[in-house]
Structures are given as structure tokens and as C-alpha cells.
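Structure first, then comments.
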Amino acid sequence: MNSAPLSRPRQVLRERFGFDAFRPGQEAVIEHLLAGRSSLAVFPTGSGKSLCYQLPALLLEGLAVVVSPLIALMKDQTDFLQARGIPAARLDSSVSREAFEDIQNALRARTLKLLYVAPERFSNERFLARLKTLRIDLLVIDEAHCISEWGHNFRPDYLKLSRLARELGVGRVLALTATATPEVAQDICRAFAIEPAAHVHTGFYRPNLFLRATACAPAARLGVLLSRLRARPRGPAIVYVTLQKTAETVAVALAEAGFPAEAYHAGMEPEAREAVQNRFMAGADSVVVATIAFGMGIDKADIRSVYHYNLPKSVENYAQEIGRAGRDGKPSYCEILAAGEDLTVLENFTYGDTPTREALGDLLKELLAKRAVGEVFDLSTYELSARHDIRQLVVSTALTYLELGGFIEATSPFYTTYQWKFLREPAELIARFDAPRRAFLESLFALAKVGRVWHSLVLAEAAGALGGERERIVKALTYLEEKGDLELQVAGVRQGYRVVQVPDDLATVWRDLCERFATRERSDLKRSAAVAALLGGEGCLVRRLLAYFGEELGRDCGHCGRCEGDPAVRLDRPTPALELPVESLDALRVRYPEALRAMRQMTRFLCGIASPALTKAKLTRHAAFGSTLHVPFAQVAAAVQATLVSE
């Protein structure tokens, strides 16, 4: 495909988006895409990555599918585009039934230019079937660092997007991120066959941000934060914390001191979180005290301050979080209130994503033992998570590792249960069809469990009763939904797999899988250490931050705290006293064998790290849960082992 004349993009920029000129890097990315080349754009947060696909989407003939894990971003972007008369839509859990039907109609009519979806949407067999009927000229991967196995926010769903792009015959791919180290950028380019020349990196330097790190004892932090907020001009501010409980207590303290502060964390109800976010977006001096659940995709240009009450999880997280300040280009203030105790908490939580060796062994036996090459099976990651006490995301990661190892291959995901309520009388809609189709629908409806409003059908049972015609059942119900005959709901997603290779020695696969998770654990621990190294090293803080991402400023920034004379921050950690619960650990294990059987499970419990089994047993409410939160994981593990042996 030949490159479109650049005068055309500039014309679209003015007429449809209201901008007179491109920002750095935008024009180069757009030129690559219009020439049919895939591209990687590594731009700082708030520097206009979205335009890099929104504009070419208007010049390409087919559909642009934008994959993003951020519902807030999808909503903001579709609102922005629709306000400018650009046909865009989003498919997420908050979309109403009427909006969903409008989107389906627009896809059928080929009138939609941009469709925003979450990566999990590709687990919907009806959605995949619809995509395969469309011409997709552009696939956009937002937060593309999630594709890198060694990135700071690896998501297994992302690792499969490169295969999906090939299956859908996508014209070109645009990968977007604000936080890619050189190694992660190489992973992204390799996955989507992006040529080095099409990797556009504009640099991370933001001269309007003032960065500072201050050594601060935990007991003094609240007072320091209050003094900072009082000393600076009022304006929207984000205070990042590690724990949900900290978010609540700090928000209350700030509110009592006269600041319009609210907490935001994943433990809140979705409606409450949305209300907090909406008030923050509308406020001129509102303060949100939040875990990292807040901020992704938030497009508020006038955030004047970002404080890290606790240490950021990684340097990548830090760069992303401070990047939310000062998007309007005006001076903004970013400070870390650094305490060595936070390193222990961060490191301890890293251990929460590493499954026990016993759990991995049991999972592998269920997945691969007694199976034959070519055998097809299906599973629910939710059920596997509960059964083996492994977090659901970690189960998905294990399955991805087995795919990468060539043992299994994902087939189509599907739903186990379909529910519908009739919008027309059944006899009326059946009468429209010829005799064979009428007989099929009558048999299908007769198999459904009839509720007061909804009719429910377990597809495996119905397919067995109707001679194994599962696909025909799905097509029939989908057709009736499209015609407005009934409203359809689905539940119980299961992922299908095919056995590609049966391992000669399951123990070898188990050891390799254990080592892979151990390697990930070590990698994540190094990320915490990198935060300490960033703060503890001599010299310009901005220059050190840029160097982490492979960028050399060539000079000191001259305007960070370090350049103004602040000392380096040494994160010294005190040696905390270790007191195990009064109730004997052995007694706890006997009482809760599924949740506390393994040494690592017991250690996670004491360090306050939740797991499916702990949650199911309600042990996260136990007085001893988190009783050693500030004690290093290895120290707690050693004490647990010694205590259990002595008992």
C-alpha cells in the first residue's frame, strides 16, 4: 500500500480534531500506518498517543479495533470521538443492552470506524465470529508493555494478541506504551513483526514536572504530606498508597484537615469508585488517595501534584503515575515520601503471585495427565483458581506457559449457559420459519429451563439432546437476538484447548514451570530493588529515571530536588520483631487444611497476602492475617518452618 499524502492527514487533523500541528512523533507513526507498516509508539503519558490511531482510522477503509484494559480510557476516547462526529464505540461491561445492539447493527452495516474492547472480549465466541466477518485494517494494542513476559505488568491475554492479529488478517498493528524499557520494546516488536525503523520513541523527559524524593519515617509521613499540601497552591492531587486500608485512613485524615479528599481502591463497589472518579474529574482542587487501581486512562490535564505516600511498585509504575501530572504543560509537583519499611511490603506482595510447588503439581496433573494428543478439553480459570489456591491471573499465566511450551493449544472459548427472555410470543416468531427450522426451534425451546422471566439452557446438554449441534444452537439464538425476537445473556465462560504434545515426563514440565514462576518472582523483586537504586543513587533524579528507560538526557535537568541540593535517599530497613500468633500454627493448619497446608500458604497468610483459599475460608478476616506484614517474607517463612517442625 502506498503512503497517503501527508497533506491529507494534516487536513484531517485540522478539520476533524481541531489541531493545527502534530505533536512530536505523531506524524511519523501515522505515516508508517498509512504505508501499511506496523509500528510501536513509545510516548510519555499524556503526549497524544491516541491520535496516532484515531486519525489514520478515518483514512483507512476498514475497521480499527483498539484493545485496552482501561474502561475509563475507552469511555473518554469514545465520548471525545463521538462529540466530533466520528463513529466510534466501546464494548465493555458497562454498556447497556440498547447500546450493545446499536454497536452490532453498526458493525453489520460497516459504518463503525473505531471499536474499543478489553482483551478479555476475545474470550467471547460470538464476538470473535463477528470480527472474522469484518475487514480490520488496524489493530491497536494500548498498554502494549503488557505483552512482554518480563514487563512490569504482564497480562497473558496480551501474549495471544499477535496470533489473533494473524488469524484475523489484520492490515497493520499499532502498539502503544508509555513505559517500555529497551528489552520490553524488543519483545513488542518481535511479537508483531515491527521493523526497527517503525519504532518511534519520543523520549520520557517532561520539563514541567518537579521530582523530589524525601526520606520519611512511617510515623511522620502523614504530617509531611499535610505540610506539603498546605504549602502548595490548591489544585487536583493524587496520593498513591500500597494498601487499601492506608487509602481509607489517609483520606479520612486529609478530609478532617480540610482537604476535599476521598479514598479509591479495588475493594470498593464499582459504583462508589466511579462516583469518586467523577468527582475528581470535575473538581478544581479534589484529592484522591488511591492504590494503583486509580489513574489508568484518566485524562485530566490539570493534576498539579502526585505524591507517593508509599514507594511505587516499580520504576515503570513510578514513571506512569507521575506522568498523570501536568498534562496541560504547566508546572506540577511529584514527591515520594520514602521509607525503607515499604520495600518489605512490596517484596512480600511479590510472593503472592508465585504458586506453591504443590499447587502447580496438582494443576499440571489435572491439565495433562491421562490425556492423548489431539484430545479436546475445556476449563474455567475461575474454577481452577479456587480448586488449586492459585490466583486466577496466575492460572492464566500457567496456561500460557504451557501453550508457549507446545503442550496445549487454545481453541475457541465458549459459554456453558445461554439465557433469554422472549420479546415476541414464541409461537409468533417460530411461525416465520419453514418446517425443519420450526421443528428445531420448538425442540430447542422445549429443552430450556423456564423461569419467571428468563429461559435457561445448558448448551452441552442441549447439544447432546439435539444430536451434537452446538454451533447451530448458538447461531439460531444469535439470529433471533439480532431480529429482536429475544434478549440473550450468556454465562459460564470456558476456554477450549487441544492437546498438542503429551510430555514424556510430567515432573520435568513441573520443574520447568516452577522455575519459570521463580524467575518471574526474582524479576519482580529486582523491580523493587530498582526503585531503591533510583532513589539512593547520586546525581540528578530525572537523569537517573531516564537512564532506566535507555534514554540519556546529556545533562542534569537542573530543576529536580536532587539538582536543588536534596541528598540521596537511603532506604534503610529496621529489623522488626517477629511475633507469631498465639494460636499455634499447627492448630490453624488442622482447622484450615486447604488454605494453610503448605509452608508458603501459611507464610502468605501471616504476611497479609490474600489467596483464593484464604478468601474462601474467610481467613482474611482472622486476627493473625497480616500480623507480620512488615517482616520480610523469607524471615517469616523460616520462622513458620521452625515452629511447625518443633510442634
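Each reported figure results from applying straightforward, stated rules to the coordinates on display, with no laboratory input. Just so it is clear, the model here is predicted, and its values are computed rather than measured. Cβ: placed from backbone, ideal geometry, glycine included. Neighbour counts: every protein chain shown.
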Would you kindly derive the ³J(HN,Hα) couplings of the stretch 404-420 from the backbone phi angles with the Karplus curve 6.51 cos²θ - 1.76 cosθ + 1.60 (θ = phi - 60°), listing them in order in whole Hz, with x for Gly and Pro? 5, x, x, 8, 9, 9, 5, 10, 6, x, 8, 9, 7, 10, 10, 10, 8
Amide H of residue 500: which non-local residues (sequence gap of 5 or more, or other chain) have their own amide H closer than 5 Å, using H built in the peptide plane? 374, 408, 409
Equivalent-ellipsoid semi-axes (√(5λ), Cα gyration tensor) for the stretch 7-201, whole Å, largest first? 23, 21, 15
Residue 421 to residue 8: extension gain in nm, 0.36 nm per residue of separation minus the Cα-Cα distance? 143.8 nm
Taking the convex hull of the Cα atoms, report for the stretch 372-501 its projected area averaged over all directions, in nm². 9.8 nm²
Just report the Cα centroid separation between the stretch 498-514 and the stretch 155-219, whole Å. 31 Å
So residue 393 and residue 195, fully extended at 0.36 nm per residue minus their Cα-Cα distance, gain in nm 68.2 nm
Ranked from fewest to most other Cβ atoms within 10 Å of their own Cβ, 474, 250 fall in the order 474, 250
Read phi for every residue in the stretch 345-359 and hand back ³J(HN,Hα) as whole Hz from Karplus 6.51 cos²θ - 1.76 cosθ + 1.60, θ = phi - 60°, with x for Gly and Pro. 4, 4, 5, 4, 5, 4, 5, x, 8, 9, x, 5, 4, 5, 5
To the nearest 0.05, how large is the calculated FRET efficiency for residue 501 and residue 447 if R₀ is 30 Å and r is the Cβ-Cβ distance? 0.20
With R₀ set to 25 angstrom, the calculated FRET efficiency between the beta-carbons of residue 469 and residue 133, to the nearest 0.05, is 0.75
Gained length - residue 638 relative to residue 227, 0.36 nm times residue gap less alpha-carbon distance: 143.9 nm
List the lysines whose Cα lies under 24 Å from the Cα of residue 475, skipping any in the same chain that are fewer than 8 positions away. 132, 421, 449, 483
At 222 nm, what value in deg cm²/dmol follows for the chain if DSSP H runs of at least 4 each add -39500 (n - 2.57) and the sum is divided by all its residues, to the nearest 500? -13000 deg cm²/dmol
Cβ-derived FRET efficiency at R0 45 Å, residue 620 paired with residue 555, nearest 0.05: 0.35
So, over other residues within a Cβ distance under 15 Å of residue 592, counting Lys, Arg +1 and Asp, Glu -1, the net charge is +4
Amide H to amide H under 5 Å from residue 172: which residues, 5+ apart in sequence or cross-chain, H placed 1.01 Å off N in plane? 138, 139
Tell me, what does the Kirkwood hydrodynamic radius of the chain come to in angstroms if you use every pair of distinct C-alpha atoms? 27.3 Å
Gyration tensor (alpha-carbon) shape descriptor, the stretch 559-614, a/c threshold 1.5: prolate
When we measure straight from the Cα of residue 330, which lysines land under 30 angstrom away, once same-chain ones fewer than 8 places off are left out? 49, 75, 300, 313
Please list, in chain and number order, the residues 5+ apart from residue 263 or on another chain whose amide H is under 5 Å from its amide H, with Hs placed from the backbone. 289
Of 615-621, 380-386, 594-600, ordering from highest average Cβ density within 10 Å down gives 594-600, 380-386, 615-621
